[in-house]
Amino acid sequence: MSHHYHGVVWIDHHEARILDFNADGTNADKVTLKHSATRRHAQFSGKASWRESEDAAFFDEVAGKLDGIGEILIVGPANAKFGFLKRLQSRHAAIAAHVIGIETVDHPTDGELLNFARAYFRKADRMLPQVD
């Protein structure tokens, strides 16, 4: 799938919504965390080690969806966005190099997320050095 230049990923510990866009169009994708019965049991029994390996696979799948996007904004309501950025930096450095910001955003609709990202990129573009 070909991507637009700008992209935003909204992520929490259960799902990621990815929008890549330009002035004329938008592509949307979604990744949902896959739980096995064993891992759900570990979650409720107090064993925390399951989450790290599960998040790694989840984060890697999301990273794969971002490959090819020129500028990436990461948003989300809690700490998953920071864990995701850390995973990008350690395992997907080429994609991490395209991340231009990370912001706290609650639970927007896709339309609200797209509007937020467009406004963010307009502001960020004004801050970049202008080439004559």
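Taken over region 94-128, the residue count meeting the criterion of being without any contact (Cβ under 8 Å) to a residue 24 or more places away in the chain and within 14 Å of the chain's Cα centre (by Cα) is 2.
Among the residues of region 1-42, those that are modelled with pLDDT under 50 and surrounded by 11 or more Cβ atoms within 10 Å (Cβ to Cβ) comprise ARG39, ARG40, HIS41, ALA42. Mind telling me which of the residues LEU73, LEU113 ends up being part of a helix (DSSP H, G or I), at pLDDT 95 or above and either surrounded by 14 or more Cβ atoms within 10 Å (Cβ to Cβ) or in contact with a strand residue (DSSP E or B) (Cβ under 9 Å, 6 or more places away or on another chain) (or both)? Sole residue among the options that is part of a helix (DSSP H, G or I), at pLDDT 95 or above and either surrounded by 14 or more Cβ atoms within 10 Å (Cβ to Cβ) or in contact with a strand residue (DSSP E or B) (Cβ under 9 Å, 6 or more places away or on another chain) (or both): LEU113.
Keeping to region 4-24, report how many residues are part of a loop (DSSP other than H, G, I, E, B) and not aromatic (Phe, Trp, Tyr).
The qualifying residues number 7.
Scanning region 94-110 for residues that are in a loop (DSSP other than H, G, I, E, B) and among the small types (Gly, Ala, Ser) returns a single hit, ALA97.
The values are calculated or read from the model by the stated rules, or taken from the named source; none is laboratory data. Note that the coordinates shown come from a computational prediction; the quantities given were computed from them, not determined experimentally. FYI the Cβ positions are ideal-geometry reconstructions off the backbone, even for glycines, and counts take in every protein chain you see.
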